[in-house]
Amino acid sequence: MLQIAIPVISVKDSVRTEAYYCQVLGFQKMFGYRPAPDRSDPAYLGVQRDGVWLHLDSFKPERAGRTGAFFWVADVDAIHAEITARGARCQLPPTDQTWGNREIHILDPDDNVLVFASYPKPAA
């Protein structure tokens, strides 16, 4: 039985990417593997925020910018305000989509797209 899925995000520079995911997006580094201790790349890192994990992989840098992840959040406007205040690169500001989600699209340093979504708040 399936229990959990963890997106693997392809990156070119693991140090730059780790800083962005941890300092800007609010993730915490949980582990890191670097086969050559004197080199920062290639690397395979695990980060998590609020119990949600991502893996960051620089072993295949040619795939960087071609991966991404989708996150359900309680309040997309709140996360937008939080992470853009810390310098997140926003490709799509909070937008009510025709399919029912309210979404933002955030770019990481390699232009991988991270979609954060919630259901729109009912009109008052």
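Among the residues of the range 4-53, those that are within 21 Å of A74 (Cα to Cα) and in a loop (DSSP other than H, G, I, E, B) comprise I4, A5, I6, P7, L25, G26, F27, D50, G51. When you go through R102, R89 one by one, which is the residue that is free of Cβ contacts under 8 Å to residues at least 24 places away in the same chain and over 16 Å from P7 (Cα atoms)? When all the criteria are applied, what remains is R89. The residue pairs whose first member lies in the range 4-25 and is crowded, with 16+ Cβ neighbours inside 10 Å, whose second member is modelled with pLDDT of 95 or more and of a type in the set (S, T, Y), and whose beta carbons are closer than 6 Å, counting only pairs six or more residues apart or on different chains, are I9/T67; S10/T67; V11/T17; V11/S58; S14/S40; S14/S58.
Applying the set (1) under 14 Å from D110 (Cβ atoms); (2) assigned to a helix (DSSP H, G or I); (3) not basic (K, R) to L56 leaves exactly one unmet item: (2).
Residues of the range 96-124 that are of a type in the set (S, T, N, Q) and loosely packed, with under 14 Cβ neighbours inside 10 Å: Q97, T98.
The values are calculated or read from the model by the stated rules, or taken from the named source; none is laboratory data. A quick note: this is a predicted structure, and the numbers were derived from the prediction, not measured. Every residue, glycine as well, gets a Cβ built from its backbone with ideal geometry; the counts of neighbours run over all protein chains shown.
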